[in-house]
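Written out below as structure tokens is the structure these notes cover.
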Amino acid sequence: MMNTCSTARIVEISRAMGFDLCGVAPAADFPELALLEDWLARGHAGEMTYLHNPRRNSPSLAMQGARSVIVCALNYNSVFPSSLEAAGAASPQSEPQGWISRYAWGDDYHHVLGEKLEALIRKLREEIPEPFEARAYVDTGPIVERVAAKYAGLGWLAKNTCLINEQLGSWFFLGAIVTTLDLPPSLGPADAPAPDLCGNCSLCIDACPTGAIVEPYVLDARRCISYLTIELRGAIPVEFRAPIGRHVFGCDICQDVCPWNRRAPANALPNFQPRRREENSLFSPNLEWLLALSEEEFRELFRKSPVKRAKQRGLTRNACVAIGNSGLHPGESRYAEICARLVQLAASDDATLAEHARWALDRLGVSPGSPQAPPMRVVPPASQG
């Protein structure tokens, strides 16, 4: 279907709506998607069965009559320090702190981007008189947004598998609109996608604590801290618990060390700033606070937040691991209270939580049944849901 709206006009509208980048790609069989079957066959998707959806093999399969993909990017970077900077600045005497991935400090990007994409679709219907179909996706369907973004001219696929834009780095969310409109692609017939500027750099590969980037441009999700702390529902494999460090939801390390993010601009949007509850913040959150959250408190704190995906049980499991890695010693601030909470969890009916709490207690030098274990009455009971 031909139309009267130019790609330049669509980019102009998207920028007026607050998007940082926008481009159009054909709903085509992109070469990278042909590698998906092999990646899945190697088991790299772990328990993420939704990635086996055959419609992910081409944007043309997402909608009958699909002709074009409009890809938009929204910067979520902020002025707060990186995970590595924050860890280095922590005082040895401070209470144990965890790390929540930068993208999850504020509101759920699925909703923020989704609303903007729907508004863009409504604006296109005002601009284009002929009828057309359009469907927005933000990690919610069979579209591999970062691959479509490459062919919309927004950047290159890096060795850590993120999309990098030369001006923005990689701190941005991607959303896509699949449409029956036959839009002129951002890249003309003689244009190639942005060149791969990773060069000989291997900082992201070298910095990954769990060795998840098994080769350049190939991520084994089963080893990725983001997968282990968010997608994995059962026990975290023992071999990865110590390397997880203080991460309780997601990981930013491969982006923190990327040279293209050293001068990445910050976005002041309140949607993506760290949430606070009284003296507690989601930026380097207090681990004892996270460990003690009840189901009700979890629901209230993380309403319309990406962290909801881990569920209260998952966040508690992850906090146990992070505390076990904290190096907390007897006599230090909150040691007795934290150990008492872990003792409670070690007696939980939830076998996974109990096992992770026992692991943490062992790392802190405490046996749940020993006379040295702090009394359970120190910390009030909290529902585990």
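Do any helices (runs of 4 or more DSSP H) lying entirely in the range 73-176 carry at least 3 residues that are within 29 Å of residue 198 (Cα to Cα) and more than 14 Å from the chain's Cα centre (by Cα), and which ones are they?
83-89, 145-151
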Here are some conditions: (1) under 14 Å from residue 364 (Cα atoms); (2) basic (Lys, Arg); (3) modelled with pLDDT under 95. Residue 341 meets all but one. Which one does it not meet?
-> (3)
Of the criteria (1) in contact with an Asp or Glu (Cβ under 6 Å, 6 or more places away or on another chain); (2) open to solvent by less than 20 Å² (accessible area, probe 1.4 Å); (3) aliphatic (A, V, I, L, M), which one residue 174 fails = (2)
Looking only at the range 55-77, which residues are in contact (Cβ under 8 Å) with a residue 40 or more places away in the chain and more than 26 Å from residue 9 (Cα to Cα)?
-> 55, 56, 61, 77
Residues in the range 54-72 that are open to solvent by 70 Å² or more (accessible area, probe 1.4 Å) and outside any loop (DSSP other than H, G, I, E, B) total 3
Meets criteria (on the phi > 0 side of the Ramachandran plot, at pLDDT 95 or above and under 28 Å from the mean Cα position of the chain (by Cα)) for residue 308 | no
Test result for residue 332, assigned to a helix (DSSP H, G or I) and open to solvent by 40 Å² or more (accessible area, probe 1.4 Å) = no
Cβ pairs under 6 Å, 6+ apart, first in the range 20-31 and under 14 Å from residue 57 (Cα atoms) and open to solvent by less than 30 Å² (accessible area, probe 1.4 Å), second part of a loop (DSSP other than H, G, I, E, B) and of a type in the set (A, V, I, L, M, F, W, C) = 27/66
Could you please find all residues in the range 338-371 being open to solvent by 50 Å² or more (accessible area, probe 1.4 Å) and either under 19 Å from residue 312 (Cβ atoms) or assigned to a helix (DSSP H, G or I) (or both)?
-> 347, 349, 351, 355, 358, 362, 363
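The values are calculated or read from the model by the stated rules, or taken from the named source; none is laboratory data. The structure presented is a predicted model; accordingly, all values stated were derived computationally and were not measured. Here the Cβ is made from the backbone with ideal geometry for all residues, glycine too, and neighbour counts use every protein chain on show. Calculation scope for accessible area: heavy atoms of the full protein, side chains included, ligands and nucleic acids excluded. Shrake-Rupley method; radii C 1.70, N 1.55, O 1.52, S 1.80 Å.
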